[in-house]
Each structure stands twice: as structure tokens, then as C-alpha cells.
Amino acid sequence: MNQKYYLSVFGCQMNVHDGEKIAGILGKLGYTKAERPEDADLILLNTCCVRENAENRLYGHLGNLKPLKVNKPNLIIGVGGCMAQLPSVREKIAADYPYIDLLFGAFNLHQIPELIMKIRETGSRMLDVPGEGEINEDLPVTRESPFQAWVTVIYGCNNFCTYCIVPYVRGREKSRQPEHILQEIRGLAAAGVKEITLLGQNVNSYGLDFPADRRTDFADLLGAINDIDGITRIRFQTSHPKDLSDKLIRQMAAGEKVCEHLHLPLQAGSDKILKLMNRKYTQADYLRLVEKLRAQIPNLALTTDLIVGFPGEEEADFEDTLDLVREVGFDAAFTFAYSPRDGTQAAKMNSQVPEADKMDRLYRLIEVVNEQAKAANERLVGQVESVLVEGPSAKNKEIFVGRTRSNKLVHFTPTTAGTDQIGTEIKVRIKKGLTYTLQGEISQ
């Protein structure tokens, strides 16, 4: 068998890691990776459905693939991920895209070999996607980096924020058993991995679905991982503010391998909007968390997610968000204009904000966020940072990039050809702070 696959992944880090599992599964089947869809015998799209335009992009991609199917009738085209979990999307693909052969979700990656075989043998389309499923610990993984790795610790979400479709497509929270996680990370360390990122829709909920008499919570898990030899950096995302415990903050401060960076989605700075979002914390609650975090981890880099134009948001509510953003002083933020998702409570709410108002507020928010990001980066000028070297810059192969423990991207010129430095930690003196990146030179 000399067949090739082309895999395109959209969305969050959970999807990226699922893409690594899909690549591992296909590799065991004998497939090799194609660099272009035109060269593939199997094309899979692993999709995201968090925002409405993601759905529109999917249909655009599917339309572009139709000529490939016409020219190569035996080509198999499949759609997976969160979008495939939505009944409305499955119905549309089944009716309007007859050249799509396969649908699969986050819960049945292990069935991909069987589904491909059935399509090859019968010529039938395989479009059934299970709503939920059990955690499968035995999937092969083809990782993108030899020294950095994603490790999922919990699947699903129980929070039901009113704007979010994720609980409906990813299901209820299911924590992996701690011994399975630790075994995986020990294996990664033995293979030379230095940095791991623990993944979950809400990692702070880890273990809450275990019986109380034998519960390992996320702080316990973080402490156990910190003791694994070979691992030098531990990251995690995403954290929900309502579940960020004092115990976890203490463990973050105590664990020498836990990086000084936390992504803590705020979403809005207005108590009225936070309540409508079902976020289950207030502006004051969030500020108290920030105070605790910075008291115990003084050099913490804090990043966030922010949504403007949520239904019912008035100018005063948006000003509350701006005020809170200024007060916290984030190192960076992902900013979004609210996008309604069918099936969520927010999509049914009255007082939808006009698009022009959303965009005006988004641009004003981005201006404040960028000012803060640049100021935070400029404060690092003159400091020597430990940087994990990732490799040459995509735009200039003579410039290398790496990340500080606080997750800031640093550009620098290697002292040698540089390839021997990839995957190692080096000292870099910061020379310039820009809005999104740092520039530095190797410290002798």
C-alpha cells in the first residue's frame, strides 16, 4: 500500500492534538503524509465549530475539494471534529455534498480504520457520528515536535456558557485516570520531550468526576507531573476562573517546572454580561484571583479571552470591560466579536448588538490590549530569559524563534548554524519589546 493522506486541522489545541492522533492512526494503516490535497488518496478535515464563520469556511473548503473528487473518483474525503458532531451540519453534508464519504467525531477516532475499509469495500458513505463515547487510551500519536507535546487530561465541559457550543459537541466532562496521564508523560520524557502542555476545555475541573474518596484533583496532578524526571516545562490550558482554587495557585507557585504563564479567560468585565454569559463569577471575583496569583507568582504572564457585542451589551457594559482590562494589565488577549451559534442560549436572546457596534468596540478593545502587550514586553528589555528554541522563523531562516517560560515568542540570531540548539533551553537577553514578540541576542 502506497497511499497518501492530507489532513487539515482547524481550531483549538485539543483539535491539533486530535490531528496528531489521526496522523498516528493513518500512519499505522500505512498511509504517508501528502503535502498537497491534490496528491492525496484520503483527505480529512478536522473542524472547529466555536464560531459561525468556521462553519462557512468549512463549506467553502468542501466546495474546493469537489474537482479533486471528480478527477479521482476513488479519493475519500472526510470531515471530523466538532463540526461533524452537529446534527445540522451532518444533515447539510449528507444532502448537499454527496462527494463527502466520511464523517467522524471526537469520540470515534479509533473507528477511522474500520470506516475507511468499509468505504473502500462497499463504496457506501459513512456518516453516522456517536454523540458521546469512552476515553480510548490506546491511540497512536504522530507528534509534530520531538521536544514539545500536548497531553489531554480531561475531555468535555459541564459549564454551559450561554454563547458556547462546546458542551453540546464535546459532551460532559470525563477525566483521564491519573496513572494513564503520568505513564504517558514518563514515556514522553524518555523519548526526549522537554515541554508538555496539559489540555482540557477546563483543566481546573480535572478529577471532579472521580469518586470523592479517591479523587486526584488538578493541583495533585500538577504536583505529580512536576516530579517526573526529564520534563523541564509544564504548561496547561484552559482554566475557568470559577474553578481556580487556592490549592492550585499554591501548586503553580511551588512547582519549579510549572511555567509562569496562565491563560485565564475573562470574556467580559461587566457583571451584567458575565451573568448573561453564565460565567459564574463577578468582576470582583476575577480581580481577587489576579491579586492572589500575582502575590504568589510575581512574574506571572497573564493572558485572556474577551468577547464584545454579547447580546444586551450596552456602551456602559463595554466600558466596564475596558476598565477591567486596564486594571488587570494583560500580557496578551484573544479578542472576538460575539458570533451567535445555533443551539446556544445566547443565540435566542433579545437585544442582539448591531454588527457595526460590535466592530467599533472590538477595534477599541484591540487598541487597549495591544498597548498593554507592548508595554509588558518592553518591561522585559535588558532581562535575560530562558528560551526553549523551536527552530528557524517561517519568514527568515537565518533568524531563530523560541519561547520564554512566560510563553512569549522571542526572535534571535543563533551563534552557529543553530540546528544543534533546537529543542534546548538557552539564555537570551531581550533587546526590544514589540506588541506580539520579543527580539533578543544569545547571552554569553
When you check residue 273 against the structure, is it β-branched (Val, Ile, Thr), modelled with pLDDT of 95 or more and over 22 Å from the mean Cα position of the chain (by Cα), yes or no?
yes
Evaluate the following for residue 373: is it buried (at least 19 other Cβ atoms within 10 Å of the Cβ) and within 24 Å of residue 290 (Cα to Cα)?
yes
Can you spot a residue in the range 80-96 that is assigned to a loop (DSSP other than H, G, I, E, B), touching a Lys or Arg at 6+ places or on another chain (Cβ under 8 Å) and at pLDDT 90 or above?
no
All helices (runs of 4 or more DSSP H) inside the range 166-228 with 1 or more residues being closer than 30 Å to residue 424 by Cβ and touching a residue at least 12 places away in the same chain (Cβ under 8 Å):
178-190, 218-226
Give me the pairs: first residue in the range 424-436 and under 13 Å from residue 374 (Cα atoms), second residue in a strand (DSSP E or B), beta-carbon distance under 6 Å, and six or more apart or on different chains, which are they?
432/439
So how many residues does the range 105-132 have that are closer than 19 Å to residue 4 by Cβ and either without any contact (Cβ under 8 Å) to a residue 60 or more places away in the chain or assigned to a loop (DSSP other than H, G, I, E, B) (or both)?
4
Among the residues of the range 183-195, is there at least one that is modelled with pLDDT under 95 and surrounded by fewer than 19 Cβ atoms within 10 Å (Cβ to Cβ)?
no
Could you grab me the full set of residues in the range 109-121 that are among the aliphatic types (A, V, I, L, M) and either out of contact with any strand residue (DSSP E or B) (no Cβ under 7 Å at 6 or more places or on another chain) or surrounded by fewer than 21 Cβ atoms within 10 Å (Cβ to Cβ) (or both)?
109, 112, 115, 117, 119
In this structure, is residue 106 loosely packed, with under 15 Cβ neighbours inside 10 Å and in the same structural domain as residue 29 (by TED's automatic domain parsing)?
no
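The values are calculated or read from the model by the stated rules, or taken from the named source; none is laboratory data. The model shown is predicted, which means the values in this text are computed figures rather than measured ones. Cβ atoms come from the backbone with ideal geometry, glycine included; neighbour counts cover every protein chain shown.
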